[in-house]
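Each reported figure results from applying straightforward, stated rules to the coordinates on display, with no laboratory input. Model, not experiment: these values are computed from the prediction. Every residue, glycine among them, receives a Cβ derived from its backbone with ideal geometry; neighbour counts consider all protein chains shown.
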Amino acid sequence: MFNKIFLMIMFLFLFLIQNTLAYEASCVNGKIKWFKMGKEKYEKSSYCLFSYQDQSFFISKSCYQEPCLAKQEIKKPIFVKDYYSEYGTPVFKLCKALLGTPHIMSYQWKGEWIASNRCVFKDSSYVQGAYLLIRWKEYIIKK
């Protein structure tokens, strides 16, 4: 009997720790590099890595902490033009459909450059494109 109670308490403890950590983020003041008109651009920025559905994603710090366009509420299905076309990526097509600007970029994390992409919105918030695909996948009308 004692062993069953102990195991249940341990299971509950581990479950609570895992769910708590899933919503925490690691944030830094770092650098981002990306290309504009064929030229490499650098910017200082505050960003975070956070977990969503057992994956890690990159997001602007202000957007992680407050409401922003990058985390806009899903209200209705969205049409993504030429989703199945062999040209362009689904991530960039979704970003444009959400009125964002896609960037191929790298961000600095613990002294290393990590290649990625982001979707930047009018309020200067940004999020990694893969997060948008996972979050919106059931609402995308593909043609």
The residue that is surrounded by the fewest Cβ atoms within 10 Å (Cβ to Cβ), considering only those in the range 106-122 that are assigned to a strand (DSSP E or B) and hydrophobic (A, V, I, L, M, F, W, C), is Ala115
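Go through the range 46-65 and count every residue that is in contact (Cβ under 8 Å) with a residue 40 or more places away in the chain, of a type in the set (Gly, Ala, Ser) and in a strand (DSSP E or B).
1
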Over the range 67-100, the set of residues part of a strand (DSSP E or B) and surrounded by fewer than 13 Cβ atoms within 10 Å (Cβ to Cβ) is Phe79
Reported set for the range 45-73 where residues are in contact with a strand residue (DSSP E or B) (Cβ under 7 Å, 6 or more places away or on another chain) and over 17 Å from Phe121 (Cα atoms) is Leu49, Phe50, Ser56
Log entry, pairs with first residue in the range 85-96 being in contact (Cβ under 8 Å) with a residue 12 or more places away in the chain, second being of a type in the set (Asp, Glu) and surrounded by fewer than 15 Cβ atoms within 10 Å (Cβ to Cβ), beta carbons closer than 7 Å, six or more apart or on different chains, reads Lys93/Asp82
